[in-house]
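Structure first, then comments.
Nothing in this text is a laboratory measurement; each read-out follows from the coordinates by a stated rule. All values derive from a computational prediction rather than experimental measurement. Glycine also receives a Cβ, built like all others from the backbone with ideal geometry; neighbour counts cover every protein chain displayed.
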Amino acid sequence: MAAIIEIKDLTKYYGRRKAVDFLNFTVQEGDIFGFVGPNGAGKTSTIRIMATLLRATRGDILVGGHSVRKSPRAVRRVIGYMPDFFGVYNDLLVWEYLDFFAACYEIPSANRPALIGDLLELVDLTHRRNDSVEHLSRGMKQRLSLARTLIHDPQVLVLDEPASGLDPRARVEIRELLVELSRMGKTIFFSTHILADVQEICTQVGIIEAGKLVAAGALEELQQHILPHRQIRLAVLGKAEETQAILQAAPGVKAMKTLPSNGDGGRFRMELEFIGDDTALGNILASLVNAQIPVIHFSEESGDLEEVFMRATKGLVT
């Protein structure tokens, strides 16, 4: 697939402070791209530049081939931007809120009722269409704000902390909605502090710290690069010395650690640091079975995004 977002040498200063430091990466069409980093890392500055609300000090962002520097109006037609706060529209009804923005995008008045109805159905707010925006919960306001970003049918959704401040149920609802929008062909670029949401739905991840991109790619690729040692756990019944001898001789085993048995009936439990491929891992299990060692547990502990994030933002990428 082609790149729909291209960030090129992006740099942003606030006075002497460099908030964004020479960012370069791309987002492919159809991706759900999670942009994560500590507070003050440069996420919101990058998103506001992408949304044409802030001007870069140097560099550029192309969205759908349009430059935010040279063609901001063209970029605005391509993107739907959702900020991290709702805004001040409490005196409007839900349908009036969407009608107002439809008018801003010069959608003919005859077309608006059907469009508003479809969007409210998509975000599951049809039953609240005649309620005041003021009386919506935080989660409902976020869903309404997301409907507003879709009013002109943009190719790209740019969302700044869409799940911020939501309760667990509302977070799940927003997450499911983003997946549904991706199935409809939208490219989604969103920043967040909630790593579990990124791990659950994102096809690509970018990690930023102090304005610099420290890692980017599919989660599996980041795990392989940042966490090169695979963690293997196994348990056998008895035969501890034979098990250790086989593991010590096995290619790819870099370290072994005996785990507490907790008095669980003669079980011998171990954790391995392993750098081989799946074939080599299978050979270890086969060697244990061929030696008639009763293996009762053999599994890989995959490093999650939290571990990847912590290592990447502590400068441990090699």
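Things to note:
- Lysine pair count for the chain with Cα-Cα distance under 26 Å and sequence separation of 8 or more or different chains is 27.
- Relative to one another, the C-alpha centroids of the stretch 206-223 and the stretch 232-297 are positioned 33 Å apart.
- Centroid-to-centroid, using Cα positions, the stretch 154-187 and the stretch 60-117 are 16 Å apart.
- Least to most buried among 55, 175 (fewest other Cβ within 10 Å first): 55, 175
- Calculated Rg and Dmax of the Cα atoms in Å (choose from [x] 24.9, 80; [y] 19.3, 57; [z] 21.0, 61), label: [x]
- DSSP assigns beta bridges within the chain; of those with both partners inside it, close to 70 percent run antiparallel.
- Distance between the 7 Å Cα→Cβ label points at residue 104 and residue 22: 3.7 nm.
- Charge sum, other residues only, whose C-beta stays under 9 Å from residue 120's C-beta, Lys/Arg counted +1 and Asp/Glu -1: -1
- Counted by Cβ distance under 13 Å from residue 276, the other residues give a net charge of -2, where Lys and Arg count +1 and Asp and Glu count -1.
- A straight chain from residue 55 to residue 138 at 0.36 nm per residue would run longer than the Cα-Cα distance by 26.9 nm.
- Distance between the pseudo-spin-label points of residue 292 and residue 118 (7 Å out from Cα toward the beta carbon): 7.0 nm.
- Pairwise FRET efficiency - residue 254 versus residue 179, Cβ, R0 = 45 Å, nearest 0.05: 0.75
- Fully extended contour minus Cα-Cα distance, from residue 172 to residue 127, at 0.36 nm per residue: 14.2 nm
- Residue-span extension gain [residue 91 to residue 301] - 0.36 nm each, minus C-alpha spacing: 70.4 nm
- Length-normalised contact order of the stretch 3-220 in % [C-alpha pairs under 8 Å, at least 6 apart]: 30 percent
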